[in-house]
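What follows is one structure encoded as structure tokens, with my remarks underneath.
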Amino acid sequence: MFGSLRRALCAVAAGILLPLAGAGAQPAGAAEPGAGGRTVRAAEAGAGYWHTSGRQILDAAGQPVRIAGINWFGFETGNNVVHGLWSRDYKSMIDQMRSLGYNTIRIPFSDDIFKSSTVPNSIDFSGGKNADLQGLGSLGVLDRIVAYAGQSGLKIVLDRHRPDAGGQSALWYTAAVPESTWIANLRTLATRYRGQDTVVGIDLHNEPHDPACWGCGDTARDWRLAAQRAGNAVLSVNPDLLIFVEGVQTFNGVSGWWGGNLMGVAQYPVQLDVPGRLVYSAHDYATSVAQQSWFSDPTFPANMPGIWDKYWGYIFKQNIAPVWVGEFGTTLQSTTDQKWLAALVDYLRPTSTYGSDSFHWTFWSWNPNSGDTGGILKDDWSTVDTVKDGYLTSIKAPGFPAGGGGDPDPDPGPGTAACAATYTVTSDWGGGFNAEVKVTNTGTTPVNSWKVTWTWPTTRQITSMWNATHTQSGQTVTATNATHNGTIAPSGSTTFGFGGTPGGGSTPTLTCTTT
């Protein structure tokens, strides 16, 4: 039922520290004047592992954070790896997510990735793309994504989406993948990323639905009891992780979206051995996924806050626990869907007004190849759907402190700072093109900022650029690093991309300088 079309097409390859209310407080990470005019940065929220207190998620220092992220799927499909690597380098996509203001990535996977016979496929290694993924298995690729996301200031929630790549299951187990395998694999992930606080939590199972129940007491069907067993198993090997528990479809005869019904929490809360680790998760969709009775209510969309309150919003409003809308999405083609998304975004509470005292979320999806929702990226895997992305602007939140990727030696001694840049056209449709530039530190000391310049031999005009800022004078372009990617360790690299018009043309010569 719900989600079946979305999942079917997906399987085909081709933090904030803000005032909780009121104005005048300084956001986390804002610059303050220091002695002698020196700029000092305020402490950024989001560092370390996270825990919960009431309806909020707090970082290791007790500062509230807001998950404002994106789903990037593929590990749960027959490709056994995130999608889009057939078009782009994985680092460039993470950079683009960060530049758009997403601070967390939810990564779905299936239990197939734990099999020794599983090999990731549909990865393009030409032109230096994804070079450090060659020869790696699915878990090895996941390691690289986790490492780079952490360096970029993003957090990751791992989502056990399916028992295998074949499709979604109603229960957390199947005949081929019993509960024991499910729990063993969750423990494997928890152990693998122990001490790596980029991975802040695990979503135990995606979209439980009928015949799954909540609080019925039947150990073969009661998702609440299964979540307790799995959650405690994960915490036994990594007690720092958050445990994300989705709802079911039906409770006491009232049905909703798969995984979106958390009505049973009021009577039957999940009980974990480690306090402060539980986050409840709901899914909610629009008519492009399936019809629901509330869409045809004559009071729509004014009726929607009451619907969300009933299914999952009350958990937040009664200060029971944090609530994370792990999936919501739409093609935005119908007026109903547009009204639904606008109402939901408002319900999730604008960051400028409520700060981190808000619902958490990860939008479905980054990928354009989700059959009944589409994605933030368009079909070329580079161009942003600015209308869809624009709906989310008010609920986005700052990223988190970057971890790793820097020079571990605080006094590297004498050395040189130098960089080089390479230019790759990633798509060309005649009337326009997209290109990616990779900037590499070729020196022996860290690069603190960089600038890339080139002159096209024929008429070209940049229409948009991400992960860098630019100026263009005639056919000469100068691109300067963004705030988050100016520092590059020796032998390290970063990327930026841009769109331009018209298409075609030869590759220009690039000059890279450190500044």
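The values are calculated or read from the model by the stated rules, or taken from the named source; none is laboratory data. No experiment lies behind these values; they were computed from the predicted model shown. Backbone-built Cβ (ideal geometry, glycine too); neighbour counts: all protein chains shown. Heads up: the accessible areas ignore ligands, DNA and RNA and are worked out on the full protein's heavy atoms, side chains in. Shrake-Rupley method; radii C 1.70, N 1.55, O 1.52, S 1.80 Å.
How are the Cα pair distances of segment 50-116 distributed, in percent, across 5 Å bins from 0?
Using 5 Å bins, I get a P(r) of 4, 14, 18, 17, 16, 14, 11, 5, 1 for segment 50-116.
For ALA282, what residues show an amide H to amide H distance below 5 Å, using hydrogens built from the backbone and excluding near sequence neighbours?
For ALA282, the qualifying residues are TRP324, VAL325, GLY326.
How big is the convex hull of the Cα atoms of segment 139-200, per residue, in Å³?
It is 95 Å³ per residue.
In deg cm²/dmol, rounded to 500, what helix-only [θ] at 222 nm does the chain give when every DSSP H run of at least 4 residues adds -39500 (n - 2.57) and the total is split over its residues?
-5000 deg cm²/dmol
So what's segment 165-234 giving for Rg/Rh, alpha carbon basis, Kirkwood Rh from the mean inverse pair distance?
Result: Rg/Rh = 0.99.
Compute and list, largest first, the equivalent-ellipsoid semi-axes of segment 361-515 from the alpha carbon gyration tensor, each √(5λ) rounded to a whole angstrom.
For segment 361-515, the semi-axes come out at 29, 24, 12 Å.
Under a Cβ-Cβ cut-off of 11 Å, what is the net charge of the residues other than ASN238 that fall near it, where Lys and Arg count +1 and Asp and Glu count -1?
+2
Which whole number in µm²/s is D for segment 61-205 by Stokes-Einstein, with the Kirkwood Rh taken over Cα pairs at 25 °C and 0.890 mPa s?
Stokes-Einstein gives a translational diffusion coefficient of 156 µm²/s.
Quick one: pull the percentage of alpha-carbon pairs in segment 84-131 with a separation above 12 Å.
Of the Cα pairs, 71 percent sit more than 12 Å apart.
Using all C-alpha to C-alpha distances in segment 115-274, build P(r) with 5 Å bins and read off the rounded percent in each one.
Spelled out per bin, shortest first, that is 2, 9, 16, 19, 18, 15, 11, 6, 3, 2, 1, 0.
Where Rh denotes the Kirkwood radius from the mean inverse Cα pair distance, what is Rg over Rh for segment 414-482?
Taking Rg over the Kirkwood Rh, I get 1.02.
Between segment 455-505 and segment 169-245, what is the C-alpha centre distance in whole Å?
Going from one Cα centre to the other spans 44 Å.
Give me the Debye-computed log₁₀ of I(q)/I(0) at q = 0.16, 0.22, 0.27, 0.28 Å⁻¹ for segment 230-293, equal point scatterers on Cα only, no solvent, two decimals.
Rounded to two decimals, the profile gives -0.61, -0.90, -1.12, -1.16.
Using amide H atoms built 1.01 Å from N in the peptide plane, name the residues 5+ places from SER427, or on other chains, whose amide H lies under 5 Å from its own.
Distant-sequence amide H within range of SER427: ASN434.
I want to check the label-to-label distance for GLN134 and THR335. Put each point 7 Å from Cα in the C-beta direction and report it in nm to one decimal.
If labels sit at GLN134 and THR335, their model points lie 5.5 nm apart.
Just going by the charge dipole of the chain, with Lys and Arg at +1 and Asp and Glu at -1 on Cβ, which of PHE75, THR335, GLY430 is farthest out on the positive end?
It is GLY430.
Rounded to the nearest whole Å², what accessible area per residue is found for segment 446-515 with the 1.4 Å probe?
Using a 1.4 Å probe on heavy atoms only, each residue of segment 446-515 averages 44 Å².
Rounded to the nearest whole Å³, what is the per residue volume of the convex hull around the Cα atoms of segment 240-395?
Roughly 128 Å³ of hull volume per residue.
Lysines within cross-link reach of LYS438: Cα-Cα under 29 Å, excluding same-chain residues under 8 positions apart?
Cα-Cα hits under 29 Å: LYS91, LYS129, LYS155, LYS378, LYS388, LYS396, LYS451.
Quick query: amide H of HIS83 versus all other amide H atoms, modeled in the peptide plane; which residues come in under 5 Å with a sequence gap of 5 or more or a different chain?
Residues meeting the amide H criterion: PHE73, GLY74, PHE75.
Give me the accessible area per residue for segment 300-354, probe 1.4 Å, as a whole number in Å².
36
Provide the FRET efficiency to the nearest 0.05 for the THR188-THR459 pair, computing r from the beta carbons and using R0 = 45 Å.
Once the sixth-power term is evaluated, E becomes 0.25.
Net charge around ILE307, counting only other residues with Cβ within less than 13 Å of its Cβ (Lys, Arg = +1; Asp, Glu = -1)?
-2
Report the FRET efficiency, 1/(1 + (r/R0)^6), for ASP428 and ASN303, where r is their Cβ-Cβ distance and R0 is 60 Å, rounded to 0.05.
So the FRET efficiency works out to roughly 0.80.
Stick to the Cα atoms of segment 262-329, pair each with every other, and give me the Kirkwood hydrodynamic radius in Å at one decimal.
13.4
Kindly state, as a whole number, the per residue volume in cubic angstrom of the convex hull around the alpha carbon atoms of the chain.
In the chain, the Cα convex hull volume per residue is 158 Å³.
Within a Cβ distance under 14 Å of ALA131, other residues only, what is the Lys/Arg minus Asp/Glu net charge?
Cβ neighbours under 14 Å give a net charge of +1.
From the phi of every residue in segment 462-476, what ³J(HN,Hα) in whole Hz does the Karplus formula 6.51 cos²θ - 1.76 cosθ + 1.60 yield, where θ is phi - 60° and glycine or proline is x?
With coefficients 6.51, -1.76 and 1.60, one gets 6, 9, 7, 9, 10, 6, 6, 10, 9, 10, 9, 10, x, 9, 9 Hz.
Jot down the radius of gyration and Dmax of segment 314-358, Cα atoms only, both in angstrom.
Cα radius of gyration and Dmax of segment 314-358 are 12.5, 36 Å respectively.
Projecting each Cα onto the charge dipole of the chain (Lys/Arg +1, Asp/Glu -1 at the beta carbon, about the Cα centre), which of GLY62, SER169, THR487 comes out farthest on the positive side?
So the residue we want is THR487.
Quick one: with all protein chains in place, what share of the accessible area of segment 53-102 is carbon or sulfur, to the nearest percent (1.4 Å probe)?
42
Rounded to whole Å and sorted largest first, list the principal axis extents of the Cα atoms in segment 302-379.
41, 24, 23
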